[in-house]
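Colleague: Take this structure first; my questions come after.
The values are calculated or read from the model by the stated rules, or taken from the named source; none is laboratory data. Please read these numbers as outputs of a predicted model, since none were measured by experiment. Cβ: placed from backbone, ideal geometry, glycine included. Neighbour counts: every protein chain shown. To get the accessible areas, we keep the full protein, side chains included, count just its heavy atoms, and leave off ligands, DNA and RNA. Shrake-Rupley method; radii C 1.70, N 1.55, O 1.52, S 1.80 Å.
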Amino acid sequence: FKPIIALAALQEKVVTPTSVVYSPGTLKFGRRVYHESHKTSHGSINIVKAIEVSSNVFFYKMGIALGIERMAPYAKLLGLGQKTNIAMTHEVSGLIPSSEWKVKKLGEEWQPGENLSTAIGQGFVLVTALQMAVAYNTIGLEGKVVKPMLIRRVLNQDSKVVQEFDPQVLRDATQSNEFGVTIDQATFRTVKQGM
């Protein structure tokens, strides 16, 4: 999930590709201490290194700076928290939370600490492996959100093509869209470098 937050942080100019952020082994926020997975410091790192080492603290800081209302549209733009509409039964949509969702669903206000867990793909975030594959494919293609396919072609018993299916581009994340955010190709390239 961190590469998606990296896209948001870069695109929203919270950081640049060369910005350096101190990422110690822990981060105290409110009354809680948030940890790196191995509780070791990564020191001062840029976003490429933060993706490479999967720094929790770096991305906690991005979550604080972005807030849920600036994280959620980027995740949704890449297909997270929504059905892929692949020809498969029982597909679930998952969830990319927002402050509006929390009030409506749970009757509670969004808490600032929830931005930290969301920024590393935890908390209320629910995505499928297939949605993550779509999102990562979008990063690889630098913006093209492609509907997943199960079958490329159907052959008869003589190995002749009976039917062929072409990839379907759902949207281009570098262009205006219903999510209200776009991502520059240079931003995709920076995130790819870290991945």
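Colleague: In terms of modelled amide H atoms, which long-range or inter-chain residues lie less than 5 Å from the amide H of residue 29?
Modeller: Excluding prolines and chain starts, which carry no amide H, the hits are 34.
Colleague: Please build a GNM for the chain, connecting alpha carbons under 10 Å apart, and tell me which residue among 86, 183, 64 fluctuates the most.
Modeller: For the chain, modelled as a Gaussian network with Cα springs under 10 Å, the answer is 86.
Colleague: Taking R0 as 22 Å, what FRET efficiency do you get between residue 32 and residue 54 from their Cβ-Cβ distance, rounded to the nearest 0.05?
Modeller: Working: r = 20 Å, r/R0 = 0.93.
After rounding, the FRET efficiency stands at 0.60.
Colleague: Another one. Would you work out the relative contact order for region 110-188, in percent, from Cα pairs under 8 angstrom that are 6 or more residues apart?
Modeller: 22 percent
Colleague: Hey, got a sec? Which trypsin sites (Lys or Arg not before Pro) in region 26-80 land in a DSSP loop and have at most 13 other Cβ atoms within 10 Å?
Modeller: Details: sites: 28, 31, 32, 39, 49, 61, 70, 76; in loops: 31, 39.
For trypsin sites (Lys or Arg not before Pro) across region 26-80 that sit outside H, G, I, E and B with at most 13 neighbouring Cβ atoms in 10 Å, the list reads 31, 39.
Colleague: So if each residue of separation counts as 0.36 nm, and I subtract the Cα-Cα distance between residue 103 and residue 192, what length gain in nm does that give? Please list the in-between numbers first.
Modeller: Working: separation 89, 0.36 × 89 = 32.04 nm, distance 3.51 nm.
This chain segment gains 28.5 nm when fully extended.
Colleague: So what is the accessible area of the chain per residue, in Å², with the probe set to 1.4 Å? Please list the in-between numbers first.
Modeller: On the way: 10480 Å² over 195 residues.
Value returned for the chain: 54 Å² of accessible area per residue.
Colleague: In the chain, what percent of the accessible surface is made up of carbon and sulfur (1.4 Å probe, ligands and nucleic acids excluded)?
Modeller: Values: 5350 of 10480 Å².
Answer for the chain is 51 percent, counting heavy atoms of protein chains only.
Colleague: Quote the FRET efficiency, to the nearest 0.05, computed for residue 16 versus residue 86 with a Förster distance R0 of 30 Å and r equal to the Cβ-Cβ distance. Walk me through the intermediate numbers first.
Modeller: Values: r = 37 Å, r/R0 = 1.22.
E(calc), rounded to 0.05, equals 0.25.
Colleague: Here's something else I'd like to know. Step by step: find N for the chain, compute 2.2 N^0.38 Å, then divide the Cα radius of gyration by it. What's the final number? Numbers along the way, then the final one.
Modeller: Details: Rg = 18.6 Å, N = 195, 2.2 N^0.38 = 16.3 Å.
So the chain has a normalised radius of gyration of 1.14.
Colleague: When the Karplus curve 6.51 cos²θ - 1.76 cosθ + 1.60 is applied with θ = phi - 60°, which whole-Hz ³J(HN,Hα) does each residue of region 48-55 get, with x for Gly and Pro?
Modeller: With the stated coefficients, region 48-55 comes to 4, 5, 4, 5, 4, 9, 6, 6 Hz.
Colleague: I've got another one for you. To make sure I understand the rule: partners must be lysines, Cα under 25 Å from the Cα of residue 39, and not fewer than 8 residues away in the same chain. Which ones qualify?
Modeller: Within the straight-line cut-off, residue 39 pairs with 2, 28, 49, 61.
Colleague: Just to verify a number: what accessible area does residue 128 come out at with the full protein assembly present, 1.4 Å probe, Å² rounded to tens?
Modeller: 40 Å²
Colleague: Identify which of 137, 85, 56 has the largest mean-square fluctuation in a Gaussian network model of the chain, with springs joining Cα atoms closer than 10 Å.
Modeller: Fluctuation is largest for 85.
Colleague: Compute the separation of the alpha-carbon centres of region 71-150 and region 1-46 and state it in Å as a whole number.
Modeller: Cα centroid of region 71-150 versus Cα centroid of region 1-46: 20 Å apart.
Colleague: Which GluC sites (Glu not before Pro) does region 70-123 hold that lie in a coil by DSSP with at most 13 other beta carbons within 10 Å?
Modeller: Working: sites: 91, 100, 108, 109, 114; in loops: 91, 108, 109.
Hits after loop and neighbour filter: 108, 109.
Colleague: Another question about this same structure. How far apart, in nanometres, would the label points at residue 41 and residue 111 be if each is projected 7 angstrom from Cα along the Cα-to-Cβ direction?
Modeller: Modelled inter-label distance: 2.9 nm.
Colleague: Please build a GNM for the chain, connecting alpha carbons under 10 Å apart, and tell me which residue among 92, 162, 21 fluctuates the most.
Modeller: 162
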